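Right, one structure below, let's go through it.
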Amino acid sequence: MRHGHITSVGMPRLASKPQAITASPIRRIAALLDEARRKSDIISFGGGAPSLPPPQEVVDFLVDFLKNNPQKSVAYGSTRGMIELRELIAQDLKKYWGVDYDPKDEIIIVNGGTEGIYLALSAILEPGDEVIVLDPTYLGYHEPVKLLGGRVRTVPVTVENGYQPRIEDVKKVISPLTKAFILLSPDNPTGRVVTEEFVRGLVDLAVEHDFWIVFDAVYKHISYGRPTPWVDSFKGARERTITINSFSKEASIPGFRLGYVTAPREVVEVMEKIKQYVSLAPDTPGQIAMIKFLESGIKDRYLQEVVIPTYRKRRDFMYKCIQEYLPEAKTSLPEGAFYFFVNIEEYLKAMGRDDEEFANRLLYRKSVVVIPGRYFGEMGKNHIRMTFVSEPEERIEEGIKRMSAYVSSYM
């Protein structure tokens, strides 16, 4: 104000760091789909959410608990999460991977894997640090690293070798600034499960060059054959590995936003401090539900009798349809997770389109949703991601037939 007059109007300036990061394109597509579904018959190969309901026993238990304990059901909890749930998680990981975690000091409950990633990176990164990721891989790593002042280095993987990374390629991008390597297995978008040989080599490099391994294991139970090697179980890895986990996929509860992180005690302490000012505490109803999920044998039955058989059947059927109706496409059979990553370069050349234009026009003209591969990295260009868990077999076939009709008109 000058001489009693207002000299400026409007809001103050925003922070510069958030302006530099990119909003998730998949979140934008999800918003568009909410509107598009009202208007036409959309067949979606786009989302990454389970299409099965959670176990009925868990639903019934939670409903009864809410009715009988309404105040306790919605009360604040500790920042690290309920100790009963952390103890069950420790037992579960001991059972499946033979690794011991102290539930009090080495496990923290988080609001989904996404928060787990952000808290973990916040605990270890300084401005200028470098983080290595594979290309393509999950798009949720680059922007948190940038927001925290770090830099992403990439290691390419291709369909020709089943999207398997090579230790020789990792060595090429390690520098004195390397602070972490983020490993997702099973992978989104490729469905790849890394080999034990690669994990051993990565651990050796982490020890030699003194960097962290951030192991994103959110799809660890969504495996159709060879399980993913558990990084923390390798000699030399335990003191330098932070493992991100989520109940969203294995328990089909993505809306509860619940996961957990295992890490050395010092890392958990730092993550707890940050979480106090980010989300305060994890979701209480979700924790109550997951105690039931883990303590009563429900998890094993649900995964083995419902989730894996259903998703494997859809995976195999989509693979057959891709081969039959899109013969010029190249892909590999996913060993885990929810997705095919499909190279459609031959079709794109004939159409004069890129993968983003292809996805936009496919939705507009054929009401089929796929995700452009470029969203997952430079090596993802000329690809599309297609999830096989969101639609039943008859709609999978109908969707791929629509895709075939679309591309055939240009061939």
Centre separation in Å (Cα based) which lies between the range 341-411 and the range 219-263 | 30
In nm, spacing of pseudo-spin labels at ARG13 and ARG395 (7 Å Cα→C-beta vector) | 4.9
Segments 138-148, 159-169 sorted - mean Cβ within 10 Å per residue, highest first = 138-148, 159-169
What relative contact order, as a whole-number percentage, does the chain give when Cα pairs under 8 Å and 6 or more residues apart are counted?
-> 22
Within the under-9-Å Cβ sphere about TYR101, not counting TYR101, Lys/Arg +1 and Asp/Glu -1 give a net charge of -3
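Would you please classify the overall shape of the range 69-298 from the alpha carbon gyration tensor, given that a ≥ b ≥ c denote the square roots of the eigenvalues, rounded means a/c under 1.5, and beyond that prolate means a/b larger than b/c while oblate covers the rest?
Note, shape of the range 69-298 comes out prolate.
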Using alpha carbon centroids, what distance separates the range 100-168 and the range 310-332, in Å?
-> 29
How far is it, in nm, from the label point at VAL306 to the one at VAL278 when both lie 7 Å from their Cα along the line to the Cβ?
-> 3.0
Packing-wise, with mean Cβ within 10 Å as the measure, how do 70-76, 111-117, 238-244 rank, highest first?
-> 111-117, 238-244, 70-76
Take the alpha carbon gyration tensor of the range 260-411, find the square roots of its eigenvalues, order them as a ≥ b ≥ c, and report rounded if a/c is under 1.5; if not, report prolate when a/b exceeds b/c, else oblate.
-> prolate
Of LYS104/LYS146; LYS72/LYS292; LYS320/LYS381; LYS67/LYS94; LYS146/LYS275; LYS17/LYS220, which ones are farther than 26 Å apart at the Cα?
-> LYS104/LYS146; LYS67/LYS94; LYS17/LYS220
Looking at the square roots a ≥ b ≥ c of the eigenvalues of the Cα gyration tensor of the range 42-130, which shape do they give, rounded for a/c under 1.5, prolate if a/b is larger than b/c, or oblate?
-> oblate
With ILE222 itself left out, Lys, Arg at +1 and Asp, Glu at -1 over residues whose Cβ is under 9 Å from its Cβ give +1
What residue among PHE338, PHE61, PHE293 shows peak mean-square fluctuation when the chain is described by a Gaussian network model with Cα springs under 10 Å?
-> PHE61
Cβ density ranking, 10 Å radius, fewest first, applied to TRP230, TRP212 yields TRP230, TRP212
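Could you please rank LYS179, LYS104, placing first whichever residue has the fewest other Cβ atoms within 10 Å of its Cβ?
The order, fewest Cβ neighbours first, is LYS104, LYS179.
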Sorted by Cβ neighbour density within 10 Å, fewest at the top, the residues THR190, THR310 | THR310, THR190
What percent antiparallel are the DSSP beta bridges of the range 69-298, to the nearest 5?
-> 30
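Would you mind calculating the gained length between ALA49 and ALA75 on full extension (0.36 nm times residue separation, minus the Cα-Cα distance), in nm to one decimal? Mind showing how you got there, number by number?
Values: separation 26, 0.36 × 26 = 9.36 nm, distance 2.76 nm.
The ALA49-ALA75 span can extend by a further 6.6 nm.
No value in this document is a laboratory result; all are computed from the given coordinates. Please read all numbers here as calculations on a predicted model, not as lab measurements. Every residue, glycine among them, receives a Cβ derived from its backbone with ideal geometry; neighbour counts consider all protein chains shown.
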